[in-house]
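Only one structure is covered here, and it is reproduced in the block below.
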Amino acid sequence: MYGIGRDSGLRPFDGSAYHYTSSEGLLGIVTSCQIRASEASSLNDLAEVERGWDAVKRWLSKQHGSRETKYLRRSIKRSRRDPKHQVFVLSGTTARDDANQWRLYADTGRGYAIELDASVPLNVVSLAHQEDAAGGRPFGKATEFVTVAPWHHVLYKKNDLDIAMSALASYTKSEIARIDEIDDDEEKEYGAEVLDQETSDELALIAHLLKTPGFKGEQEVRVVARFMWFGQHVGYRAGTYGIAGHVHLVNAGASDAYALRRVVPSPSTDDARERDFVHPLAITGVRLGPLLHKGNKEAVKAFLNANGLRSASVRQSKVSLR
């Protein structure tokens, strides 16, 4: 959805997003042309995600019993109860050279900060082929689609939630009224399905963008991806909080940033350069961590050149870490 109006309270971001990572992370992201979005339950700040959902539910509980409010409450119950509705998050920051980011996310200063052009939309590449191995049949239509919200600023202010939820409630009210006026049964049913998907997506986005004001210094921006059915598209790995799912995001090319889009099928080759979907990620620069030797700069330049990123800048951190 992500199109309820310019006064939605959400703040899309189209500048430079910095993703801090290790040496292994940089190698994997550049050579595969993919970047991971992690299952929300595996985030370092899982408590913040839970508080986000709680804040959304509290807001709704304080509203009068309007039709749109009841609709949104039911939408939350469906989304939270049904494991098919899983959310994945890619985090970045607008802080290009930040000591805390280096310590926490970039191998304590021995990693890199990847600069991404946030105006370029992302899509999910599946782990499954276009035809499944068992029956050779294409995926059902619902399994082929994903909503990937473009980069958004995280919401830290206390009134951000009220603005975002008020806008969503207003949109929901107008859509319910519009659907009520439809005479054709099939068209009415389709309109109801679309609204259900839209409100579920928007509620998940709002809940996963909320953080308390104490985290404002992180200057965080996020991409949020959400599936109707995700099982065939998700990989798993061991993490700090146990086994966690993740999806692979790729450059969506000229796609509409706000579109519900078709998941890209798994490539038939492990060589990124031979894959049909490949557009290099919109990496505009790489910053070397403060504890890396300055001589590493030339190696990084050569590595980026070899992977089609000749225009990407390479800079050294100016932060002093001990």
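Quick note: the coordinates plus some simple rules give every number you see, no bench work behind them. The shown structure was predicted, so the numbers you read here are calculated from the model rather than taken from an experiment.
What pairs from Lys188/Lys211; Lys62/Lys173; Lys216/Lys318; Lys70/Lys211; Lys70/Lys188; Lys77/Lys211 go past 28 Å between their alpha carbons? Intermediate results must be reported in sequence, preceding the final value.
Values: Lys188/Lys211 37 Å; Lys62/Lys173 17 Å; Lys216/Lys318 22 Å; Lys70/Lys211 25 Å; Lys70/Lys188 19 Å; Lys77/Lys211 22 Å.
In this structure, Lys188/Lys211 lie more than 28 Å apart at Cα.
The amide H of Val314, built 1.01 Å from its N in the peptide plane, has Val286 as neighbours under 5 Å, considering only residues 5 or more places off or on other chains. Backbone geometry of region 111-117 corresponds, through the Karplus equation with coefficients 6.51, -1.76 and 1.60 at θ = phi - 60°, to 3J(HN,Hα) couplings of x, 9, 10, 8, 8, 10, 6 Hz, x marking Gly and Pro. Applying the Karplus relation 6.51 cos²θ - 1.76 cosθ + 1.60 with θ = phi - 60° to region 10-23 yields 3J(HN,Hα) values of 8, 10, x, 10, 10, x, 9, 9, 10, 10, 7, 7, 7, 4 Hz, where x marks Gly and Pro.
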